[in-house]
1. Taking the condition of being touching a helix residue (DSSP H, G or I) at 6+ places or on another chain (Cβ under 8 Å) and in a helix (DSSP H, G or I), how many residues in segment 233-248 meet it?
2. Hey, does segment 52-68 have a residue that's within 27 Å of Arg207 (Cβ to Cβ) and in a loop (DSSP other than H, G, I, E, B)?
3. Could you grab me the full set of residues in segment 269-287 that are touching a residue at least 12 places away in the same chain (Cβ under 8 Å) and over 24 Å from Asp162 (Cβ atoms)?
4. List the strands (runs of 3 or more DSSP E) inside segment 77-168, counting only whole elements, that have at least 3 residues being without any contact (Cβ under 8 Å) to a residue 24 or more places away in the chain and crowded, with 19+ Cβ neighbours inside 10 Å.
5. I'm trying to understand the selection: among the residues of segment 183-221, which are farther than 30 Å from Asp37 by Cα and at pLDDT below 90?
6. So which residues in segment 107-129 are within 16 Å of Glu150 (Cβ to Cβ) and more than 19 Å from the chain's Cα centre (by Cα), if there are any at all?
7. Does Gly67 satisfy being among the small types (Gly, Ala, Ser), more than 15 Å from the ligand (Cβ to nearest atom), within 30 Å of the chain's Cα centre (by Cα) and surrounded by fewer than 22 Cβ atoms within 10 Å (Cβ to Cβ)?
8. Considering Pro327, Pro352, which residue is under 22 Å from Arg226 (Cβ atoms) and at pLDDT 90 or above?
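The values are calculated or read from the model by the stated rules, or taken from the named source; none is laboratory data. For clarity, every value in this text was computed on a predicted model and none was experimentally measured. Cβ sites come from the backbone with ideal geometry, for glycine too, and all protein chains shown count toward neighbours.
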Amino acid sequence: MTFEELPLANPLQRAIRAANYEKPTPIQEKAIPSLLDGKDLLGIAQTGTGKTAAFALPILQRLLDSGKFRSPKTCRALILLPTRELAIQVEECFRLYAKFTAISTACIFGGVSDVSQKRNLMRGIDVLVATPGRLLDLITQKAISLKNLEFFVLDEADRMLDMGFIHDIRKVVSMLPNSRQNLFFSATMPQNISDLAATILRPNPVRVEVAPQSTPIERIYQELYRIDKRRKGALLKELLCSHEDMKKVLVFTRTKHGADKVVRVLEKAKIKSAAIHGNKSQNRRQEALGNFKTEQIRVLVATDIAARGIDVDDVSHVFNYDLPNEPETFVHRIGRTARAGKDGVAISFCAPDEEEDLRNIEKLTRVKIPEGDQSIYDKLPPPQKETPESEARNNRGRVPKRSGEEVKRSNQENKNQWKKQKGFFKPQKQQEQQEQKTVSTSAIAEDLNHRKIGKNRPGSRARRRMREEAARQAQMEKGLSKN
Ligand code: AMP
């Protein structure tokens, strides 16, 4: 099948040609005709299969056909996604396919100011791509209403549930008008996901299932370096400095802290790099990703969670700076290279305590990863002994597990420290003096008592009165004792 054979309007056909799509992917072939007929769709597909175009093109076609117009503060199609990165990516696709039409698109997500998002919604929008939290927020603020919605797409449903969005989804669905076309996509379809799909889709939806376009592992050239944790940075630096062909490099670390550390090492060596992880602001993440896509930076360092669903073409090398605990994650990581018939290289670092992870990976992939160039070890600084601090830091970014008893003791210690700082405990002598004082300064004693027994303390005005009263009494006592 070709795109020309699909009943898509000229502006859409032009956009497809401009995007250099030669022929529809399997999911597009299966989904587009049914969606153009107005049917609901249940899609089991992952990112990378071309599923965005599979739902975007028919939605755009039907929006063009309907002859309706958007009204202020409403949208006609809503695409709900779990993360900001995915929302931005999907909106970019809609914008690309709609660029020769007058259809408007907008993207709303949390973590940034809502001012410009609200401004965009004022005149109404045809296609709104949103994450659930910010959407509900803007609905509450009456910046957007879903009353005119014609198309509803729930994308990455399994991940939505993983991330705890189920209540938000239910809330959004309860606000949708009854007559609408629904599309539901998920990479997996366990019982809870199909139950959710049943509450959203009309009966007998078209079911489309496509296997992910996985990269055959044999096409990826792999290398392994056995190295202690403290010299991984030096090894990465050495490899990057000695191989100019490593142009678009994706480095995976296990922790956010680890990702930042790698960037610091590379920056010192004047290798342009940036990190993306959950602690980075949305703008910083988008900037890093954009710079990586346009090759303004050579290395992008990412944690697995941050890299989820991010689509970057032409990654030349993938580094497993830390080996993942789950072998499936390894397959997913190295599949970022050698895409679309191109070659790719995956280089893995294995520290002594990661040997078991390596064994599991080799077992799953049924590939024995060959060791890399051994002469590189001569160029590295000699191994350093681990200190208890570095051990603790290296402990995969996790604080070592403590027993219940230890946790209790440390909580008590913290509590005591806090009490000491707040003056609940006084040294012995001071306490005796305090006790003497309490006879005369009853107001202060009462205040202290309040604190000790954890009652609400009196307000500041009452405390001031109590202090004044205590001072007056002390003055009187002084006067009496003088006399
Ligand atoms: P998606 O699964 O929607 O995230 O798409 C993955 C990638 O495939 C995106 O970069 C799309 O631009 C690209 N793509 C989608 N449809 C086609 C097609 N028919 N031919 C070539 N590339 C496509």
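1. Matching residues across segment 233-248 total 9.
2. no
3. Of everything in segment 269-287, those that are touching a residue at least 12 places away in the same chain (Cβ under 8 Å) and over 24 Å from Asp162 (Cβ atoms) turn out to be Ala269, Ile271, Lys272, Ser273, Ala274, Asn283, Glu287.
4. Hits in segment 77-168: none.
5. Ser214, Thr215, Pro216, Ile217, Glu218, Arg219, Ile220
6. Passing the criteria: Gly124, Ile125, Asp126, Val127, Leu128.
7. Answer is no for this residue.
8. Values: Pro327 fails: at pLDDT 90 or above.
Answer to the check: Pro352.
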